[in-house]
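Chemist: Submitted below is the structure of interest, expressed as structure tokens.
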Amino acid sequence: MTIIQLNQRQLKIIDIVKDNEPITSENIAANLNVTRATLRSDLAILTMTGILDARPKVGYFYSGIKQINLVGDRLKDKTVKDIMSMPIVVKKDTSIYDVIVTMFLSDVGSIFIIDDEENLCGIVSRKDLLKATIGGSDINKMPIGMIMTRTPNVVTSLKDESIVLAARKIIEHEVDCIPVVEHNEEKQNNIKVIGRISKTNITKLFLELADN
């Protein structure tokens, strides 16, 4: 038997749906003063766990928090390494232009930046690259290290962490994905990127567990 652990925003979503059902995701987002994209993972979790019911062109209904949660029972044994994807990495001296091309060809929302020793030193998102392109800088000459979010401000995950913990990091920090890393205890700041975990990875897992 699994006790469902919900964050504060998910609890607020439940209250909004209970008071206004049926209600669309647009209206839920408006009530919370956030974007629909921000709520995507929350709504996926609440729907897959059976707390909310979603009906196309109608909206969300409250189904009730079930004490026995089959999806949760299957989820508790899953770790990050079970669903993580291959990371997309570039060196910190790579030009912004080349990083934009890499992001486009790889079809990802974030790229991880490594130093000359291949240790994680930062991350860039689509928003970071958009700001750089409209800022008047020469993106063919400026290195990506100039605009990246630097460690230790990068949220990371370990391969043996639970999926629930990784999902909570993504939601609380409002990011699309986080790097999966390994630390070398003998060398300070030695952080190797071994994977990536994203909202897409987690949503696919919920769909897989629900189908099974």
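The values are calculated or read from the model by the stated rules, or taken from the named source; none is laboratory data. Since this is a predicted model, take the numbers as computed values, not measurements. For neighbour counting, all protein chains shown are included, and Cβ atoms are generated from backbone atoms with ideal geometry for every residue, glycine included.
Chemist: Being outside any helix (DSSP H, G or I) and surrounded by 15 or more Cβ atoms within 10 Å (Cβ to Cβ) is the filter here, so list the residues in segment 144-161 that pass it.
Modeler: Of segment 144-161, the ones outside any helix (DSSP H, G or I) are 147-161.
Within segment 144-161, 147, 148, 149, 151, 154, 155, 156, 157, 158, 159, 161 qualify.
Chemist: Going by what's in this entry, would residue 172 be described as of a type in the set (Asp, Glu) and in a strand (DSSP E or B)? Steps first, please.
Modeler: Details: of a type in the set (Asp, Glu): yes; in a strand (DSSP E or B): no.
No; evaluated as a whole, the condition is false for this residue.
Chemist: Please note which strands (runs of 3 or more DSSP E) are completely contained in segment 1-118 and include at least 2 residues that are at pLDDT 95 or above.
Modeler: Values: elements: 52-55, 59-62, 89-91, 110-114.
Qualifying strands (runs of 3 or more DSSP E): 89-91, 110-114.
Chemist: Can you tell me which residue is surrounded by the most Cβ atoms within 10 Å (Cβ to Cβ) among those in segment 15-26 that are among the β-branched types (Val, Ile, Thr) and out of contact with any Leu (no Cβ under 7 Å at 6 or more places or on another chain)?
Modeler: Once the filter is applied, the top-ranked residue is 23.
Chemist: For segment 131-142, state whether one or more residues are closer than 30 Å to residue 8 by Cα, without any contact (Cβ under 8 Å) to a residue 60 or more places away in the chain, exposed (fewer than 13 other Cβ atoms within 10 Å of the Cβ) and not assigned by TED's automatic domain parsing to the domain that holds residue 42.
Modeler: Taking segment 131-142 as the starting set, the residues that turn out to be closer than 30 Å to residue 8 by Cα are none.
Looking through segment 131-142, none of the residues is closer than 30 Å to residue 8 by Cα, without any contact (Cβ under 8 Å) to a residue 60 or more places away in the chain, exposed (fewer than 13 other Cβ atoms within 10 Å of the Cβ) and not assigned by TED's automatic domain parsing to the domain that holds residue 42.
Chemist: Do we find that residue 157 is out of contact with any Ser or Thr (no Cβ under 7 Å at 6 or more places or on another chain) and hydroxyl-bearing (Ser, Thr, Tyr) in this structure? Let's see the steps before the verdict.
Modeler: On the way: out of contact with any Ser or Thr (no Cβ under 7 Å at 6 or more places or on another chain): yes; hydroxyl-bearing (Ser, Thr, Tyr): yes.
The answer is yes for residue 157.
Chemist: Which members of segment 137-165 meet the condition of being modelled with pLDDT under 90 and among the aliphatic types (A, V, I, L, M)?
Modeler: Passing the criteria: 163, 164, 165.
Chemist: Ok, one more. Checking the conditions here, which among 192, 127, 131, 187 is farther than 18 Å from residue 41 by Cα and in a loop (DSSP other than H, G, I, E, B)? Steps first, please.
Modeler: Working: 192 fails: in a loop (DSSP other than H, G, I, E, B); 127 fails: in a loop (DSSP other than H, G, I, E, B); 131 fails: in a loop (DSSP other than H, G, I, E, B).
Of the residues listed, the single one that is farther than 18 Å from residue 41 by Cα and in a loop (DSSP other than H, G, I, E, B) is 187.
Chemist: Among (1) surrounded by fewer than 16 Cβ atoms within 10 Å (Cβ to Cβ); (2) under 17 Å from the mean Cα position of the chain (by Cα); (3) under 22 Å from residue 6 (Cβ atoms), there is one condition residue 30 misses while meeting the rest; what is its number?
Modeler: It is condition (2) that residue 30 fails.
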